[in-house]
Amino acid sequence: MKVLILCEKATAMDTFAKALKGRSGQKRIFASLTDSPDEFQLTRAQGHLLELADPDQQVPSEQSEAYKKWTLDEIPWNYTNFKWIKRPIIDKRTNSDKNSKDLLERIRKEASDKDAVIIATDTDPSGEGDVIGWEILNYIGWNKKVYRIKFEDSVPSILKGLENPYEIIQAQHGRYMKGLSRQFYDFLTMQYTRVATLLGRKQGYDYGVVRTGRLKAVIVGFIAKQWQEIDNYVKIPFYEARYRDENNYEYARKYEVGDTFRHTDKNDAIAEAKTLTDDVPVLKEKKVK
């Protein structure tokens with residue numbers, strides 16, 4: 001078989017080349033299918049080469065203008081209308097997608113005479129590496145066999161992974177589906193950015209775009225909740241019976257919600273104290289730790 005091995009980035013391809021003693025050559029990979037060595041060629045992406053197009057390009061044309069404007073009228077978005085279109089990544093420094101397109105076209109040409117592609121992107125639990133691999137294959141229109149290997153970034157691990165490539169089908173590839181769901185959710189958190197920016201301006205805070213997201217939104221929500229609790233906090237005095245020894249050390253019971261030894265009436269605490277024994281704490285054990 002003629003096989004294209006798709007690595008995630010240049011440094012990863014270098015490690016694969018070291019393991020395989022070259023960027024192309026012969027190695028018996030599909031031992032269960034043939035006794036002959038397979039022809040392999042290495043290629044690489046540059047992390048994500050594709051990204052989701054802007055929200056206004058994801059919805060039907062009659063809704064496009066509404067999603068392009070930054071207003072609160074269309075929020076929350078109706079994500080069921082989204083087409084989830086992807087495009088080559090635009091480099092923000094040059095405002096061009098040329099670099100991404102050039103890499104994608106190179107991969108397309110390299111794959112044109114191959115029988116199979118092995119996705120050899122990172123195998124992190126998030127599924128991001130699987131998304132990187134599949135979105136490239138979707139873009140170049142690949143419709144032949146696809147295999148996956150598990151490995152770590154080391155020569156022995158790569159060689160071991162190439163002993164056991166397993167075939168994957170996109171619609172049944174759980175880790176890819178997991179990564180794709182995460183990507184879609186991240187995209188939808190753009191709503192948080194728009195809401196935070198618009199409401200911030202309404203309150204007189206205009207510091208540009210207030211960028212939020214999956215993690216930032218949770219943090220901002222947590223801080224808001226804490227401030228709310230601080231603002232609503234009311235000091236309530238309480239009384240409890242405690243023990244003080246001859247060296248003036250004070251011992252108190254650890255309070256947890258539901259405990260009844262804290263009293264709002266001082267007399268109740270005094271009454272409880274009379275029911276407690278006056279035993280002196282005894283040292284039962286001493287350890288060096």
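For the stretch 1-153, the extents of the C-alpha atoms along the principal axes are 63, 33, 29 Å, listed from largest to smallest. Potential lengthening of the chain between Lys92 and Glu152 amounts to 18.5 nm, from the contour at 0.36 nm per residue minus the alpha-carbon distance.
So for the chain, averaging the separation of alpha carbon pairs under 8 Å that are six or more residues apart and normalising by length, what relative contact order in percent results? RCO, the chain: 15 percent. Accessible surface of the stretch 209-264, 1.4 Å probe: 55 percent of it comes from carbon and sulfur atoms. From the Kirkwood radius over Cα pairs of the chain, Stokes-Einstein at 37 °C and 0.692 mPa s returns a whole-number translational diffusion coefficient of 132 µm²/s. On a per residue basis, the chain carries 67 Å² of accessible surface, using protein heavy atoms and a 1.4 Å probe.
Angle of helix 174-188 to the longest C-alpha principal axis of the chain, folded into 0 to 90 degrees and rounded to 10: 70°.
For a test of the definition: using alpha carbon positions, the gyration tensor, and the 1.5 limit on a/c, classify the stretch 144-289 as rounded, prolate or oblate. In terms of gyration-tensor shape, oblate. Our note on the geometry: Cα centres of the stretch 96-110 and the stretch 218-264, 61 Å apart.
Per-residue SASA remark: Ile223, around 80 Å² accessible (1.4 Å probe; ligands, DNA and RNA not included).
The values are calculated or read from the model by the stated rules, or taken from the named source; none is laboratory data. Predicted model only: the values in this text are computed from it and were never measured. To get the accessible areas, we keep the full protein, side chains included, count just its heavy atoms, and leave off ligands, DNA and RNA. Shrake-Rupley method; radii C 1.70, N 1.55, O 1.52, S 1.80 Å.
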